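Below is one structure; the comments refer to it alone.
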Amino acid sequence: MMPPVEPPATAWRLPAPTEADEHGLAGIGADLEPGTLLAAYRHGLFPMPFRKRQIGWWSPDPRGILPLDGLIVSRSLRASRRGFEIRMDTEFTGVMRRCGDPTRPHGWINDEFITAYTRLHELGWAHSVETWRDGRLVGGLYGVRIGGLFAGESKFHSVTDASKVAVVATVEWLLATGGQLFDVQWRTDHLASLGAVAISRVDYLRRLATAIGPPATSG
């Protein structure tokens, strides 16, 4: 994997994560330029649309993470995995579009976000972990890698266990490449079944500082 290209620095002053309200919203505005996105992740923030037309910057408390040494792989999932082919970064935009399918509940990934993260992918910072079956993309996830941090953004599946297998493959990749922190934003029941836990914002920011280190690279 080639070293990532550092983009121009953001022109914006991003809010502090500790300024977030009870819903985790820390600020509204700015842009989705590569430099802004990287600054946000290094700062403990991530973007999601706010009221559809604005960009919100989020820092939930508690924060969901998947401890790399706490991954839970059931016997059935282990058996199911053998039916998938794992690929990485072969269909990044395709994974994003499937994650953003407007027919999915709570679908929020629009063309603006797809364009922005595809640019980040082209610079070497954003990655997709994909599950394929019989030559078809049937599951996957995407996120941002900065040093030891992988900030998972979204996942999808069209066949049973396809997204779970992608999560397992992501943990294995992180363990093999010096990863330290797998950020999943919020702890959901689906992710909890794989070992995800909720930690305080203070704890997350401490782990983040250790994971990205100076200088930040994609690993």
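The values are calculated or read from the model by the stated rules, or taken from the named source; none is laboratory data. None of these values were measured; they are calculated from a predicted model. With ideal geometry, Cβ positions are generated from the backbone for all residues, glycine too; neighbour counts draw on all protein chains shown.
Some points to look at:
- Close contacts from region 94-121, counting a first residue that is farther than 22 Å from Pro4 by Cα and a second that is of a type in the set (Asp, Glu), with Cβ to Cβ under 7 Å and a gap of 6+ residues or different chains, come to Gly107/Asp101.
- Qualifying residue in region 161-174 (condition: surrounded by fewer than 20 Cβ atoms within 10 Å (Cβ to Cβ), hydroxyl-bearing (Ser, Thr, Tyr) and under 22 Å from Thr90 (Cβ atoms)): no
- The numbered conditions (1) assigned to a strand (DSSP E or B); (2) more than 24 Å from Pro17 (Cβ to Cβ) are all true for Ser80 except (1).
- All conditions in (1) at pLDDT 95 or above; (2) on the phi < 0 side of the Ramachandran plot hold for Gly29, with the sole exception of (2).
- Filter result (within 15 Å of Arg81 (Cα to Cα) and either in a loop (DSSP other than H, G, I, E, B) or under 15 Å from the mean Cα position of the chain (by Cα) (or both)) within region 128-138: Val129, Glu130, Asp134
- Scanning region 45-54 turns up no residue that is over 19 Å from the mean Cα position of the chain (by Cα), under 20 Å from Tyr204 (Cβ atoms), in contact (Cβ under 8 Å) with a residue 24 or more places away in the chain and surrounded by 18 or more Cβ atoms within 10 Å (Cβ to Cβ).
- Residue check, Glu91 of a type in the set (Asp, Glu) and touching a residue at least 40 places away in the same chain (Cβ under 8 Å): yes
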